[in-house]
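Asker: One structure, as structure tokens, below. Some questions next.
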Amino acid sequence: MKNKYIPEKVWQNNAQTGGTWASINRPIAGATHDKVLPIGSHPLQLYSMGTPNGQKVTILLEELLALGVEEAEYDAHLIQIGQGDQFSSGFVTVNPNSKIPALVDCSTEPAINVFESGAILLYLAEKHALFIPKNSAERVQVLNWLFWLQGAAPYLGGGFGHFYAYAPEKFEYPINRFTMEIKRQLDLLDKQLSTNTFIAGNEYSIADIAIWPWYGNLVLGKLYDAAEFLDVQSYSNLQRWAKQIASRTAVQRGRIVNRTWGDAWEMLAERHQASEITDILNLTPKK
């Protein structure tokens with residue numbers, strides 16, 4: 001039996017916690033090294049990685065471009081979070097919180113820095129008056145679910161995902177605790193979708209774009225290899241919605257941007273023109 005852990009009176013960062021992300025964990029904010037961020041030729045400069053949080057923004061940008069919004073053209077620069085790119089002086093200037101994604105809108109003078117994925121979605125939706133309702137009551141519903149996601153996803157990622165998939169050892173208490181919460185969240189979404197085509201009603205919105213990369217990928221078996229463990233097939237309404245969103249061309253395009261793992265047809269480390277995504281997707285195996 002291992003020695004029982006007793007917290008110190010005052011916590012000290014004197015031991016590695018282990019796990020996948022241990023090398024970049026630290027108890028202070030700010031830059032660790034000097035590095036200027038690259039700047040492309042398009043109005044929007046995105047600094048990100050193709051995690052669920054990163055996918056939110058690239059999916060919305062591809063949805064905007066699909067509707068002919070030329071101002072949504074963007075350069076997507078890869079930020080290797082496992083290597084600490086998010087702690088460069090250039091990135092910290094855009095996002096002092098050192099988390100991806102971060103966006104710079106160069107179409108304004110001065111340029112506007114936007115960070116936190118939910119804030120970026122809301123900024124772009126309002127800027128182009130798309131994927132967010134004009135009707136006040138409907139708009140509030142979209143915002144309700146957008147902010148729900150911002151609060152709920154850490155339980156899925158940093159909670160369940162960490163202890164189930166990334167922690168150096170598997171412990172019953174944290175896995176049970178966070179599994180209970182994720183099952184509750186899945187049931188909540190399933191019930192919401194039993195009477196609505198999309199998350200916030202009958203119109204596709206930034207609420208769907210925010211939630212799908214986390215919960216859509218999860219129930220489609222593309223997150224944490226936990227589909228069987230969570231019995232995701234039992235959430236029939238959520239399954240219907242997840243597949244419906246996944247079938248959208250812009251979603252298929254956006255989900256591969258800044259992605260550096262997986263099959264060849266789903267990896268595009270950086271995006272600087274639309275044809276780059278098309279070329280990668282053309283590698284998809286024919287059924």
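The values are calculated or read from the model by the stated rules, or taken from the named source; none is laboratory data. No experiment lies behind these values; they were computed from the predicted model shown. Note that we place each Cβ from the backbone using ideal geometry, even for glycine, and neighbour counts take in every protein chain shown.
Asker: Is region 189-211 home to any residue that is part of a strand (DSSP E or B), under 17 Å from the mean Cα position of the chain (by Cα) and surrounded by 21 or more Cβ atoms within 10 Å (Cβ to Cβ)? Reasoning before the result, please.
Answerer: Step one: filter region 189-211 for residues part of a strand (DSSP E or B), giving 198, 201.
Of the ones still in play, those that are also under 17 Å from the mean Cα position of the chain (by Cα) are none.
Among the residues of region 189-211, not one is part of a strand (DSSP E or B), under 17 Å from the mean Cα position of the chain (by Cα) and surrounded by 21 or more Cβ atoms within 10 Å (Cβ to Cβ), which makes the answer no.
Asker: If you don't mind, there's one more thing I want to ask. Could you count how many residues in region 48-72 are in contact (Cβ under 8 Å) with a residue 60 or more places away in the chain and more than 19 Å from P213 (Cβ to Cβ)?
Answerer: Number satisfying all stated conditions: 2.
Let's see how each residue does on (1) at negative phi; (2) crowded, with 21+ Cβ neighbours inside 10 Å:
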residue: Y215; (1), (2): yes, yes
residue: D225; (1), (2): no, no
residue: L230; (1), (2): yes, no
residue: Q233; (1), (2): yes, no
residue: L238; (1), (2): yes, yes
residue: K243; (1), (2): yes, no
residue: Q252; (1), (2): yes, no
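Asker: When K134 is evaluated against the numbered criteria (1) closer than 17 Å to L60 by Cα; (2) not in a strand (DSSP E or B), which criterion, by number, is the only one it fails?
Answerer: (1)
Asker: Of all the residues that make up region 25-56, how many are acidic (D, E) and within 27 Å of L149 (Cβ to Cβ)?
Answerer: Residues meeting the conditions: 0.
Asker: So T20 ticks every box in (1) free of Cβ contacts under 8 Å to residues at least 60 places away in the same chain; (2) in a loop (DSSP other than H, G, I, E, B); (3) hydroxyl-bearing (S, T, Y); (4) surrounded by 12 or more Cβ atoms within 10 Å (Cβ to Cβ) but one. Which box is left unticked?
Answerer: It is condition (1) that T20 fails.
Asker: Out of (1) closer than 22 Å to L67 by Cα; (2) without any contact (Cβ under 8 Å) to a residue 60 or more places away in the chain, what's the single condition that is false for R248?
Answerer: With respect to (1) closer than 22 Å to L67 by Cα; (2) without any contact (Cβ under 8 Å) to a residue 60 or more places away in the chain, R248 is out only on (2).
Asker: Restricting region 261-287 to residues that are in a helix (DSSP H, G or I), hydrophobic (A, V, I, L, M, F, W, C) and under 20 Å from the mean Cα position of the chain (by Cα), which is nearest to L37 (Cα to Cα)? It would help to see each step written out before you state the result.
Answerer: Applying the first criterion (in a helix (DSSP H, G or I)) to region 261-287 yields 264-266, 274-281.
Narrowing the set further to residues that are hydrophobic (A, V, I, L, M, F, W, C) leaves 264-265, 274, 277, 280-281.
Those left that are additionally under 20 Å from the mean Cα position of the chain (by Cα): 265, 277.
Numbers: W265: 27, I277: 22 Å.
The residue in question is I277.
Asker: Follow-up. In this structure, is K183 charged (D, E, K, R), more than 22 Å from the chain's Cα centre (by Cα) and either surrounded by fewer than 18 Cβ atoms within 10 Å (Cβ to Cβ) or farther than 30 Å from A66 by Cβ (or both)? Quick ask: steps written out before the conclusion?
Answerer: On the way: charged (D, E, K, R): yes; more than 22 Å from the chain's Cα centre (by Cα): no; either surrounded by fewer than 18 Cβ atoms within 10 Å (Cβ to Cβ) or farther than 30 Å from A66 by Cβ (or both): yes.
No, not satisfied.
Asker: Where residues in region 89-109 are free of Cβ contacts under 8 Å to residues at least 60 places away in the same chain and assigned to a strand (DSSP E or B), which of them is surrounded by the fewest Cβ atoms within 10 Å (Cβ to Cβ)?
Answerer: L103
Asker: Continuing with this model, one more query. With respect to Y155, is the statement that it is surrounded by 14 or more Cβ atoms within 10 Å (Cβ to Cβ), over 23 Å from I24 (Cβ atoms) and either modelled with pLDDT of 95 or more or in the same structural domain as L65 (by TED's automatic domain parsing) (or both) true?
Answerer: On the way: surrounded by 14 or more Cβ atoms within 10 Å (Cβ to Cβ): yes; over 23 Å from I24 (Cβ atoms): no; either modelled with pLDDT of 95 or more or in the same structural domain as L65 (by TED's automatic domain parsing) (or both): yes.
Here the answer is no, as Y155 does not meet what is asked.
Asker: Please specify each residue of region 110-141 satisfying the condition of being aliphatic (A, V, I, L, M) and either under 16 Å from S48 (Cα atoms) or in contact (Cβ under 8 Å) with a residue 12 or more places away in the chain (or both). Full working, then the answer.
Answerer: Kept after step one, since they are aliphatic (A, V, I, L, M), are these residues of region 110-141: 111-112, 114, 119-122, 124-125, 129-130, 132, 137, 140.
Of everything in region 110-141, those that are aliphatic (A, V, I, L, M) and either under 16 Å from S48 (Cα atoms) or in contact (Cβ under 8 Å) with a residue 12 or more places away in the chain (or both) turn out to be V114, A119, I120, L121, L122, L124, A125, L130, I132.
Asker: For region 110-138, give me each residue that is surrounded by fewer than 15 Cβ atoms within 10 Å (Cβ to Cβ) and not small (G, A, S).
Answerer: Selection gives P110, I112, N113, E126, K134, N135.
Asker: Could you grab me the full set of residues in region 60-88 that are touching a strand residue (DSSP E or B) at 6+ places or on another chain (Cβ under 9 Å) and in a helix (DSSP H, G or I)?
Answerer: Step one: filter region 60-88 for residues touching a strand residue (DSSP E or B) at 6+ places or on another chain (Cβ under 9 Å), giving 61-62, 65, 71-79, 84-88.
Passing the criteria: L61, E62, L65, E71, A72, D85, Q86, F87.
Asker: Moving on to the next point. How many residues are aliphatic (A, V, I, L, M) and within 17 Å of S236 (Cβ to Cβ) when one looks only at region 179-208? Quick ask: steps written out before the conclusion?
Answerer: Quick first cut of region 179-208, residues aliphatic (A, V, I, L, M) only: 180, 182, 186, 188-189, 193, 199-200, 206-207.
Cutting the leftovers down to within 17 Å of S236 (Cβ to Cβ) gives us 186, 188-189, 193, 199.
Residues in region 179-208 being aliphatic (A, V, I, L, M) and within 17 Å of S236 (Cβ to Cβ): 5 in total.
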